[in-house]
């Protein structure tokens with residue numbers, strides 16, 4: 001399955017924030033929107049990602065600084081991105097190797113959506129459940145044929 005198809009299945013909206021937004025305001029926005037990450041944009045183009053991971057890192061690095069004085073531009077990490085036609089298995093491998101939970105999907109330099117590890121796990125579970133159901137039906141058919 002391509003990321004384009006998985007994006008079409010997710011109902012979650014992408015929450016973006018300007019790079020000059022303060023960390024304090026970003027945390028408030030993440031809480032209001034109930035998201036674990038913001039895509040940081042400059043001139044409507046994604047330039048970074050700010051997630052709970054960056055927030056925790058800041059807590060350790062900048063203990064005396066107030067979050068109200070730090071902008072996302074200084075706190076964000078460079079995002080790893082994929083295109084909408086990237087294969088699911090490739091993306092899962094990429095996320096595991098990079099140890100990331102949020103993955104922006106970019107097409108023609110524009111943000112198309114954000115996938116998270118849960119999206120990929122839920123889609124994989126669905127595939128495995130479908131395969132299991134198919135195998136059970138196959139075994140039942142074999143048992144039925146053996147009775148004839």
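Approximating the spin labels as points 7 Å out from Cα along Cα→Cβ, the residue 73-to-residue 47 distance works out to 0.6 nm.
In degrees between 0 and 90, to the nearest 10, how far off the longest principal axis of the chain does helix 88-98 point, with axes built from Cα atoms? Helix 88-98 and the main axis of the chain meet at about 40 degrees.
Using the Cβ-Cβ distance between residue 93 and residue 137 with R0 set to 25 Å, the FRET efficiency works out to roughly 0.25.
Computed from the Cβ-Cβ distance with R0 of 25 Å, the FRET efficiency linking residue 128 to residue 10 stands at 0.85. With angles folded into 0 to 90 degrees, how steeply does helix 52-61 sit against the dominant principal axis of the chain? Use alpha carbons for both and round to 10. Orientation of helix 52-61: about 40 degrees from the principal axis.
Per residue, the convex hull spanned by the alpha carbons of the chain comes to 130 Å³.
Our summary gives the chain a relative contact order of 24 percent, counting only alpha carbon pairs under 8 angstrom and 6 or more residues apart.
Dividing the summed helix terms, -39500 (n - 2.57) for each DSSP H run of n ≥ 4, by the number of residues in the chain produces a 222 nm estimate of -15500 deg cm²/dmol to the nearest 500. Packing around the peptides 79-90, 19-30, 120-131, taken as the average count of other Cβ atoms within 10 Å per residue, puts them in this order, highest first: 19-30, 79-90, 120-131. Any idea what angle helix 23-33 forms with the longest principal axis of the chain, computed on alpha-carbon atoms, 0 to 90 degrees, nearest 10? Helix 23-33 and the main axis of the chain meet at about 40 degrees.
FYI, it's all coordinate maths here, none of it is from the lab. Only a predicted model underlies this, so the values are computations on that prediction, with no experimental measurement involved. All Cβ positions, glycine included, derive from the backbone under ideal geometry; neighbour counts span all protein chains shown.
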